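*Asks:* Would you mind keeping the following structure in view while I ask a few things?
The values are calculated or read from the model by the stated rules, or taken from the named source; none is laboratory data. Not measured: the values here are computed from a predicted model. Every residue, glycine as well, gets a Cβ built from its backbone with ideal geometry; the counts of neighbours run over all protein chains shown. Heavy atoms of the whole protein, side chains included, go into the accessibility calculation; ligands, DNA and RNA do not. Shrake-Rupley method; radii C 1.70, N 1.55, O 1.52, S 1.80 Å.
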Amino acid sequence: MYIATSPYSSLALLRASRVRFAPSISRVSLSSSSSSPPPPCPSRIAASVSFSSLPFSTISGGYRSLGFLSPFRSPRWSHGVDWRSPLSLRAQIRAAAPVIERFERKMATIASEHPFKGILTSVPKPGGGEFGKFYSLPALNDPRIDKLPYSIRILLESAIRNCDNFQVTKDDVEKIIDWENTSPKLVEIPFKPARVLLQDFTGVPVVVDLACMRDAMNNLGSDSNKINPLVPVDLVIDHSVQVDLARSENAVQANMDLEFQRNKERFSFLKWGSTAFRNMLVVPPGSGIVHQVNLEYLGRVVFNNDGILYPDSVVGTDSHTTMIDGLGVAGWGVGGIEAEAAMLGQPMSMVLPGVVGFKLSGKLRSGVTATDLVLTVTQMLRKHGVVGKFVEFYGEGMGELSLADRATIANMSPEYGATMGFFPVDHVTLQYLKLTGRSDETVAMIEAYLRANKMFVDYNEPQVERFYSSYLQLNLEDVEPCMSGPKRPHDRVPLKEMKADWKACLDNKVGFKGFAVPKEAQDKVAKFSFHGQPAELKHGSVVIAAITSCTNTSNPSVMLGAALVAKKASELGLEVKPWIKTSLAPGSGVVTKYLLQSGLQKYLNQQGFHIVGYGCTTCIGNSGDLDESVASAISENDIIAAAVLSGNRNFEGRVHPLTRANYLASPPLVVAYALAGTVDINFEKEPIGTGKDGKDVYFNDIWPTSEEIAEVVQSSVLPEMFKSTYEAITKGNPTWNQLSVHTSSLYSWDPNSTYIHEPPYFKNMTMNPPGPHGVKDAYCLLNFGDSITTDHISPAGSIHKDSPAAKYLIERGVAPKDFNSYGSRRGNDEVMARGTFANIRIVNKLLNGEVGPKTIHIPTGEKLYVFDAAMRYKADGHDTIVLAGAEYGSGSSRDWAAKGPMLQGVKAVIAKSFERIHRSNLVGMGIIPLCFKAGEDADTLGLTGRERYTIDLPSKISEIRPGQDVTVTTDNGKSFTCTARFDTEVELAYFDHGGILPYAIRSLIKQ
């Protein structure tokens, strides 16, 4: 990581406000007003500054200019300052003037030194004047640039604009220009994203860390206000709403009321953060899903910061941040730890990725959905192998995909393993921007800049052949209806083979495609009474049918397609069985408006798909309880119950503890399977049900054509819906607006809070780094096989009543009904440490086949909860390690999957391979990631996990190299070599400091 020099820290003052600076005035304008009240925060300023002579490369932040209605927007309620008040503005400007003047003098000096000042070029407006200036890639006159993938050009522009020969050097720029030759060598480059995106599950611990870092700065005698985001940060609260009430007209309000009751502490804390930290926007609960809000509203595509134009780019603390790639915005998921570093102005260190070129041709057949397409693409890319790479889509088939279809494909990048699934900006993108309410002038500016900088694809013009690391292609006509499951998103099943595949899953041994149900038990029927009505369940019976997740709810074609299925079914007299928990959770209020406009919402309601809230819900495990009678029937009869959802993740134990089979499907298929009531059906041959006329109703009777869907989309999805929805978002909602928060810049920790707790990361911290650590005679806490996901590692879903986390909460007076979810308690390290490795489906080899969140305490042989065993090891002064197989840490980018093991005392993880973000997060928390050599693993080496392990590392960080070999020995005489997965010099610096956060604090203090 590169340490910012003092001129850049001055820039924080200007980045603090999202108010636009007028480019025509050469110095700060001051107006005296003796009656001006003192500013609530001296550094919240609004000013008019000329940047004509400044080094725009240093400006990587952004100000809010989303192009709705006018450039002057209503005040942001989350910032705590009334920008309409000239008295308040004048007072703030006056307070900041000396700093601004020093900043201007410093920047004027640096401007002349910018290595690429010669390519600063104007973008003219068609009617005269200019949109602004930009760092021109064509002006470099380097033929290598024309062959670069569009996604790499974004990295190149960022490096040029931010080049200061300190944080970003000319050598870094050359590495990117020479991408064709350098990317196979896995070279390291710095990258400064334009902004950071958070959701509340991952956002709360980020804000907790920032608050804790302020305390640490204060304790070390430094200025705590140095801890402030230096780039725009948007936090959308979308992960807290649960489906407590379904199948009711009142579900939205009832679920939101419960959401606020459970999460008042968290929400108050986030609201405090929006006022205590500069440059942070918080979108309140009930507004939508973060990635859909990002797509429809927050995404800029091109920033215009005081006359300097550059591409939008974003990193987010949710792995599905990649959805914005469908809009031509470079974005991907990072751990909360990395996001905090980016927020504090540190360049991200990344390996220059390879890029897979994915050529699309043809057109989807009628009745085939974008969901079918993304599941097909996911399977293809998983097979090809794209971990750590960008995927860039191109070809004549691009014109047949709507922007929403592209966003669906981009959304599931984590499922196919890529860092990004990128769709360059073209005419389809511009049409979507206009549809979603971006102003004509904004869209014209975006097109003009991207064309001028060779970042726009015009399929009406001859295409320069670009070089890719590898190539794939797909004829869209070959895509067929499908689902994925029952336990992994890349296990695609063609719809016509679904029944046969289900039967095979019942037969197969326990695994990703097996449940090992004996033949004689496969036809078991569990009869029960559902509120006085006779009911029954079988293996494969659907008990949850959820239209959920930004993956699909952002796509009008599949949402209206689901509504048309409900309409046709209702008209034929079909009805979803009442014991199936049905729900509809749109990703934004726009969905509700077009469903009402089309007149189709009433048919969804008739089938039980009432709107339950605006958030992630079932997709992240917030599915709520099943009816007690249904839950008992499943548990008492050991039924393999099914959930069908339009989500992006279906790992076992994620959706609901009682649904062992979970299938990802398009929203129309969710409705179809809810009507069928089972996944054990062949839609081509078997009827879904019996109509009101007594005749069998088949799948084709209720399935709409693509033409029917397109007609409804055309008449029902209107630009005004987006404008009105997002104007309302900025005003909050009554419950949110009534939350009162204190105004101190340092947070007042409540020792009795079970939601927000001061973490121990900086306890006894000094200015001297602790240095690297090896591992001596460590016990193995857990011994895993392949595909252990962050869902297995990090606390997620409901808190089991017998778990260590439940015990902790009960001891503090929290009743089980108020446990809430682990996700909602991510701001409390005590709960999260107890919930680490607490997944009820986790398989630990030390337990010899037993499934569950326990392990063997090796010294005594006792079987304990993982947390209890870890605490016993710590109390006795013993280090611990984890053994694992391939793809360790795959799944969502959760920093608690690294923080939790660190708090449990884990010093190293030895695995066959790691997921990209999780490996980085382990390093960020001071845990050593080691990889077995190719062809080796714990089994081939004869390791049982009952040995004691010593990892030999040098005591000086200067003696450790990225990727060097490390010897591991055991107490029974075994010795083997591993690769230390510190991939960059920056990561070694983190390890030397005990983690990324202590490193950031010491760096900021030294500035």
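*Asks:* Which of the residues that make up the range 693-749 are touching a Ser or Thr at 6+ places or on another chain (Cβ under 8 Å), of a type in the set (Val, Ile, Thr) and part of a helix (DSSP H, G or I)?
*Replies:* Once the filter is applied, which keeps residues that are touching a Ser or Thr at 6+ places or on another chain (Cβ under 8 Å), of a type in the set (Val, Ile, Thr) and part of a helix (DSSP H, G or I), the range 693-749 yields Ile709, Val712, Val713, Thr725, Ile729.
*Asks:* Among Leu120, Leu197, which is the only one that is touching a His at 6+ places or on another chain (Cβ under 9 Å), at pLDDT 95 or above and open to solvent by 10 Å² or more (accessible area, probe 1.4 Å)?
*Replies:* Matching residue, one of Leu120, Leu197: Leu120.
*Asks:* Assigned to a helix (DSSP H, G or I) and open to solvent by 10 Å² or more (accessible area, probe 1.4 Å) - does that describe any residue in the range 527-534?
*Replies:* Checked the range 527-534: no residue is assigned to a helix (DSSP H, G or I) and open to solvent by 10 Å² or more (accessible area, probe 1.4 Å).
*Asks:* Related question: Hey, among the residues in the range 940-952 that are open to solvent by less than 20 Å² (accessible area, probe 1.4 Å) and of a type outside the set (Gly, Ala, Ser), which one's farthest from Lys907 (Cα to Cα)?
*Replies:* Leu943
*Asks:* Picking from Ala95, Ala91, Ala139, which residue would you name as being of a type in the set (Gly, Ala, Ser), open to solvent by 30 Å² or more (accessible area, probe 1.4 Å), in a helix (DSSP H, G or I) and at pLDDT below 95?
*Replies:* The unique qualifying residue is Ala95.
*Asks:* Looking at the range 833-852 only, could you name the residues that are aliphatic (A, V, I, L, M) and either open to solvent by less than 20 Å² (accessible area, probe 1.4 Å) or farther than 16 Å from Lys807 by Cα (or both)?
*Replies:* Ala833, Ile840, Ile842, Val843, Leu846, Leu847, Val851
*Asks:* Going by the structure shown, is Leu1004 in contact (Cβ under 8 Å) with a residue 40 or more places away in the chain and over 19 Å from Phe784 (Cβ atoms)?
*Replies:* yes
*Asks:* Would you pick out the residues in the range 360-386 that are in a loop (DSSP other than H, G, I, E, B) and either surrounded by fewer than 17 Cβ atoms within 10 Å (Cβ to Cβ) or more than 19 Å from the chain's Cα centre (by Cα) (or both)?
*Replies:* Correct list: Gly362, Lys363, Leu364, Arg365, Ser366, Gly367, Val368, Thr369, Gly385.
*Asks:* Considering each residue of the range 624-680, count those that are of a type in the set (Phe, Trp, Tyr), under 18 Å from Trp579 (Cα atoms) and assigned to a loop (DSSP other than H, G, I, E, B), and give that number.
*Replies:* Residues meeting the conditions: 0.
*Asks:* Looking at Ala665, is it touching a Leu at 6+ places or on another chain (Cβ under 6 Å), of a type in the set (A, V, I, L, M) and surrounded by 24 or more Cβ atoms within 10 Å (Cβ to Cβ)?
*Replies:* no
*Asks:* Can you tell me which of (1) touching a Gly at 6+ places or on another chain (Cβ under 8 Å); (2) closer than 27 Å to Gly885 by Cβ; (3) β-branched (Val, Ile, Thr) is the one Ile957 doesn't meet?
*Replies:* With respect to (1) touching a Gly at 6+ places or on another chain (Cβ under 8 Å); (2) closer than 27 Å to Gly885 by Cβ; (3) β-branched (Val, Ile, Thr), Ile957 is out only on (2).
*Asks:* Of all residues in the range 415-469, count the ones that are open to solvent by 60 Å² or more (accessible area, probe 1.4 Å) and of a type in the set (A, V, I, L, M).
*Replies:* Going through the range 415-469 one residue at a time, the tally reaches 1.
*Asks:* Take the conditions touching a helix residue (DSSP H, G or I) at 6+ places or on another chain (Cβ under 8 Å) and within 16 Å of Ser240 (Cα to Cα) and apply them to Tyr594. Does it pass?
*Replies:* Criteria not met by Tyr594.
*Asks:* In this structure, is Leu230 within 25 Å of Glu758 (Cβ to Cβ), in a loop (DSSP other than H, G, I, E, B) and open to solvent by 10 Å² or more (accessible area, probe 1.4 Å)?
*Replies:* So Leu230 passes the test.
*Asks:* While we're looking at this one, here's another question. Consider only pairs whose beta carbons are under 9 Å apart and that are at least six residues apart or on different chains; among these, list those whose first residue lies in the range 425-451 and is on the phi > 0 side of the Ramachandran plot and whose second residue is small (Gly, Ala, Ser).
*Replies:* Correct list of pairs: Gly437/Gly67; Gly437/Ser724.
*Asks:* Still on this model: Anything in the range 707-765 that is open to solvent by less than 40 Å² (accessible area, probe 1.4 Å), in contact with an Asp or Glu (Cβ under 7 Å, 6 or more places away or on another chain), within 26 Å of Ile337 (Cα to Cα) and not polar (S, T, N, Q)? List them, or say none.
*Replies:* Those that are open to solvent by less than 40 Å² (accessible area, probe 1.4 Å), in contact with an Asp or Glu (Cβ under 7 Å, 6 or more places away or on another chain), within 26 Å of Ile337 (Cα to Cα) and not polar (S, T, N, Q): Tyr755, Ile756, Pro759.
*Asks:* Mind checking which residues of the range 488-498 are open to solvent by less than 10 Å² (accessible area, probe 1.4 Å) and at pLDDT 95 or above?
*Replies:* Val493, Met498
*Asks:* What's the number of the condition Ala897 fails, among (1) touching a Phe, Trp or Tyr at 6+ places or on another chain (Cβ under 9 Å); (2) in contact (Cβ under 8 Å) with a residue 12 or more places away in the chain?
*Replies:* All conditions are met except number (1).
*Asks:* Would the range 853-872 turn up any residue that is open to solvent by less than 60 Å² (accessible area, probe 1.4 Å) and under 21 Å from Ser623 (Cβ atoms)?
*Replies:* Yes, the range 853-872 has at least one match.
*Asks:* If you don't mind, there's one more thing I want to ask. In the range 906-940, how many are of a type in the set (Gly, Ala, Ser), within 18 Å of Ile842 (Cβ to Cβ) and assigned to a loop (DSSP other than H, G, I, E, B)?
*Replies:* Matching residues across the range 906-940 total 1.
*Asks:* Could you tell me whether Ala886 is open to solvent by 20 Å² or more (accessible area, probe 1.4 Å) and of a type in the set (A, V, I, L, M, F, W, C)?
*Replies:* Against the criterion (open to solvent by 20 Å² or more (accessible area, probe 1.4 Å) and of a type in the set (A, V, I, L, M, F, W, C)), Ala886 qualifies.
*Asks:* Is it true that Val356 is open to solvent by less than 10 Å² (accessible area, probe 1.4 Å) and over 21 Å from the mean Cα position of the chain (by Cα)?
*Replies:* yes
*Asks:* To continue, here is another question. Taking the range 766-810 as the search range and keeping residues that are charged (D, E, K, R) and touching a residue at least 60 places away in the same chain (Cβ under 8 Å), which one is surrounded by the most Cβ atoms within 10 Å (Cβ to Cβ)?
*Replies:* Asp791
*Asks:* Let me ask another. Under the condition of being free of Cβ contacts under 8 Å to residues at least 24 places away in the same chain and either closer than 26 Å to Cys619 by Cβ or basic (Lys, Arg) (or both), which residue from the range 512-526 is surrounded by the most Cβ atoms within 10 Å (Cβ to Cβ)?
*Replies:* Gly514
The rows are residues; the columns are (1) touching a Leu at 6+ places or on another chain (Cβ under 6 Å); (2) in a loop (DSSP other than H, G, I, E, B); (3) open to solvent by 20 Å² or more (accessible area, probe 1.4 Å); (4) modelled with pLDDT under 95.
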{"site": "Pro190", "(1), (2), (3), (4)": "no, no, no, yes"}
{"site": "Cys212", "(1), (2), (3), (4)": "no, no, no, no"}
{"site": "Arg247", "(1), (2), (3), (4)": "no, yes, yes, no"}
{"site": "Val252", "(1), (2), (3), (4)": "no, no, yes, no"}
{"site": "Glu296", "(1), (2), (3), (4)": "no, no, no, no"}
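Residue-wise test of (1) more than 20 Å from Gly647 (Cα to Cα); (2) open to solvent by 10 Å² or more (accessible area, probe 1.4 Å).
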position: Gln261; (1), (2): yes, yes
position: Arg266; (1), (2): yes, no
position: Phe269; (1), (2): yes, no
position: Val282; (1), (2): yes, no
position: Ser287; (1), (2): no, yes
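*Asks:* Collect the residues in the range 301-330 that are in contact with a His (Cβ under 9 Å, 6 or more places away or on another chain), closer than 16 Å to Phe422 by Cβ and either of a type in the set (D, E, K, R) or in a strand (DSSP E or B) (or both), keeping them in residue-number order.
*Replies:* Answer for the range 301-330, where residues must be in contact with a His (Cβ under 9 Å, 6 or more places away or on another chain), closer than 16 Å to Phe422 by Cβ and either of a type in the set (D, E, K, R) or in a strand (DSSP E or B) (or both): just Gly316.
*Asks:* Out of Asn700, Asn662, Asn682, I need the residue that is polar (S, T, N, Q) and touching a strand residue (DSSP E or B) at 6+ places or on another chain (Cβ under 9 Å). Which one?
*Replies:* Among Asn700, Asn662, Asn682, only Asn662 is polar (S, T, N, Q) and touching a strand residue (DSSP E or B) at 6+ places or on another chain (Cβ under 9 Å).
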